[in-house]
Amino acid sequence: MAPRRFTLSHSFAVISAIGWSDFVLKYRGSMLGYLWSLLSPLVRFVVILHIFGPYVSQSISNYAFYLFLGIIVWEHFAVTTTSCMGMLHDKASIIQRMVFPRVFLILAVGWTNFVIFLTHLGIFFVAALIFGVDMNASVVYLMLTALQMTLVALGIGMLLSAYSLKYRDVPHMWVVAIQILFWLTPVMYPYVLKGGSLTHAARALLGQESVTSIIALFIQIQPLSIIIHDARRAVLYDAISGSPTLEHAAGMTLVCATIFLFGFVVFQRRQHYFPQEY
């Protein structure tokens, strides 16, 4: 059967329908419903604040909201990447029987989790207003960081999904990798920006840096760290560190779009093998 051609408007309609139906089915029959999506970040926030707060709160102003915002952005990345792989397994019968762009399923995951992410941000802003946190007009920049994190999450999610059916170890490996990545992202500790990143990177490639220096460099330059740091700068610390510049925002968006496009290309090339790999 020849694949059906989808117009742009029809594609958006299909993606929205898939995303909304999955959102409804996910919480149908649950007593707490949508509130379950808040449980994981809330528990993580309370535990980390209780354990690490006494040690770092004096060096980071508004640490509770610093941590809360970091966890919200991180959870969006973690849940989206994992859900991309889960979507292919959940929709096995559809993929095996129907001919359509499989990327619609991934974009539906992005749409659903982006809406959930926005509601979490809404809770963050309400809490900040209640506790009198001084937020800046640059909070509008937070929408750009939300888009950037979504692009990164979908790009990596598509890359993982492209091989998760052929290699069944991929989802298990990602569970381990994402735990390591959490500790290598400044969610609970301060982001330290040091000069000479390119020099240190070149030395690391030549094997002239210690393991500790390489880890510190990775934490500093990896996209998740920069996105979370930018979100905090724009919302909480504009008066101290300044909002990200236009050049920085454009460059970071380009990096995120490149990650998304790379994952998209790999996913598109492998989607034809999915029905045979179940």
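The values are calculated or read from the model by the stated rules, or taken from the named source; none is laboratory data. Not measured: the values here are computed from a predicted model. Don't worry about glycine lacking a Cβ; one is built from the backbone with ideal geometry, like all the others, and counts go over all protein chains shown.
A few points about this structure:
- ALA234 at pLDDT below 90, over 28 Å from VAL126 (Cα atoms), in contact with a helix residue (DSSP H, G or I) (Cβ under 9 Å, 6 or more places away or on another chain) and outside any loop (DSSP other than H, G, I, E, B): no
- Sole exception among (1) modelled with pLDDT under 85; (2) in a helix (DSSP H, G or I); (3) charged (D, E, K, R) for ASP134, by number: (2)
- Some residue of the stretch 185-192 being part of a helix (DSSP H, G or I) and either over 30 Å from GLN268 (Cβ atoms) or modelled with pLDDT of 95 or more (or both): no
- THR253 vs. criteria over 18 Å from TYR191 (Cβ atoms), polar (S, T, N, Q) and surrounded by 15 or more Cβ atoms within 10 Å (Cβ to Cβ): yes
- Restricting the first member to the stretch 157-177 and to residues that are more than 15 Å from LEU105 (Cα to Cα), and the second to residues that are small (Gly, Ala, Ser) and modelled with pLDDT under 95, the beta-carbon pairs closer than 6 Å and six or more apart or on different chains are VAL170/SER164; PRO171/SER164.
- Qualifying position, being modelled with pLDDT of 95 or more, farther than 20 Å from TYR273 by Cα and either surrounded by 14 or more Cβ atoms within 10 Å (Cβ to Cβ) or among the β-branched types (Val, Ile, Thr) (or both), among PHE77, PHE65: PHE77
- Those residues of the stretch 89-111 which are modelled with pLDDT under 90 and either surrounded by 23 or more Cβ atoms within 10 Å (Cβ to Cβ) or not in a helix (DSSP H, G or I) (or both), in sequence order: LYS91, MET98, VAL99, PHE100, PRO101, ARG102
- Lone qualifier among ALA234, ALA249 - being under 14 Å from LEU151 (Cβ atoms), in contact (Cβ under 8 Å) with a residue 24 or more places away in the chain and touching a Phe, Trp or Tyr at 6+ places or on another chain (Cβ under 9 Å): ALA249
- Qualifying position, being closer than 20 Å to SER40 by Cα, of a type in the set (A, V, I, L, M) and either out of contact with any helix residue (DSSP H, G or I) (no Cβ under 9 Å at 6 or more places or on another chain) or crowded, with 21+ Cβ neighbours inside 10 Å (or both), among ALA146, ALA153, ALA127: ALA153
- Scanning the stretch 218-230 for any residue that is assigned to a helix (DSSP H, G or I) and either in contact with a Cys (Cβ under 7 Å, 6 or more places away or on another chain) or modelled with pLDDT under 80 (or both) turns up at least one such residue.
- Restricting attention to the stretch 59-81, the residues that are assigned to a loop (DSSP other than H, G, I, E, B) and more than 24 Å from VAL126 (Cα to Cα) total 1.
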